[in-house]
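I have placed the structure first, in the form of structure tokens, so that the comments after it can refer back to it.
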Amino acid sequence: MPATDYGSHRLVVGAHYGLRDWMAQRATAVVLSLYVLFMLGFALFSSGPLDYGRWHALFAGQAMKLFSLVAFLALLYHVWVGVRDIWMDYVKPVGLRLVLHVATIVWLLACVGGAVQVLWRV
């Protein structure tokens, strides 16, 4: 076969990259929806006042801590995909985009640390 000198010769990488992000957004949205529905159900159908004691009892169990942590991690990944797409779409200087990506990652990791501290203090 003879080599051609016409057409695009660029290397295409990241096929289905957008599909993976779209699926991640939907999966994390499902986790967040389940968590919100559970919390709404607890608030609406709980007998008695929703005071500190009731909330403390809810979050004292390991299952609720784990469910909350999974929901929080889903929220952070949901945020990461959305914010990263904003930086990639609207920030054209590569250096500034890199700084914004790193700042976003540092901020999200700090949020994880704070969430773990709050959940496991109960």
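For the criterion of being touching a Cys at 6+ places or on another chain (Cβ under 7 Å), assigned to a helix (DSSP H, G or I) and either within 23 Å of residue 26 (Cα to Cα) or not hydrophobic (A, V, I, L, M, F, W, C) (or both), residue 76 passes.
Answer with yes or no whether residue 82 is outside any helix (DSSP H, G or I) and touching a helix residue (DSSP H, G or I) at 6+ places or on another chain (Cβ under 8 Å). Considered against the rule, which asks whether it is outside any helix (DSSP H, G or I) and touching a helix residue (DSSP H, G or I) at 6+ places or on another chain (Cβ under 8 Å), residue 82 comes out as no. Considering 21, 89, the condition of being modelled with pLDDT of 90 or more, of a type in the set (Asp, Glu) and assigned to a helix (DSSP H, G or I) is satisfied by 89 alone. Scoring residue 50 on the criteria (1) of a type in the set (A, V, I, L, M); (2) surrounded by 10 or more Cβ atoms within 10 Å (Cβ to Cβ); (3) in a helix (DSSP H, G or I) leaves a single failure, condition (3).
Looking at residue 64, is it under 19 Å from residue 116 (Cα atoms), out of contact with any Gly (no Cβ under 7 Å at 6 or more places or on another chain) and either surrounded by 11 or more Cβ atoms within 10 Å (Cβ to Cβ) or among the charged types (D, E, K, R) (or both)? So residue 64 passes the test.
Among the residues of the range 82-110, the ones that are surrounded by 15 or more Cβ atoms within 10 Å (Cβ to Cβ), closer than 22 Å to residue 27 by Cβ and among the hydrophobic types (A, V, I, L, M, F, W, C) come to 3 in all. Listed conditions (1) closer than 25 Å to residue 22 by Cβ; (2) outside any helix (DSSP H, G or I) are all met by residue 98, apart from (2).
The values are calculated or read from the model by the stated rules, or taken from the named source; none is laboratory data. Note that the structure is predicted; figures quoted are calculated from it, not measured. Here Cβ is always computed from backbone atoms with ideal geometry, including for glycine, and neighbour counts include all displayed protein chains.
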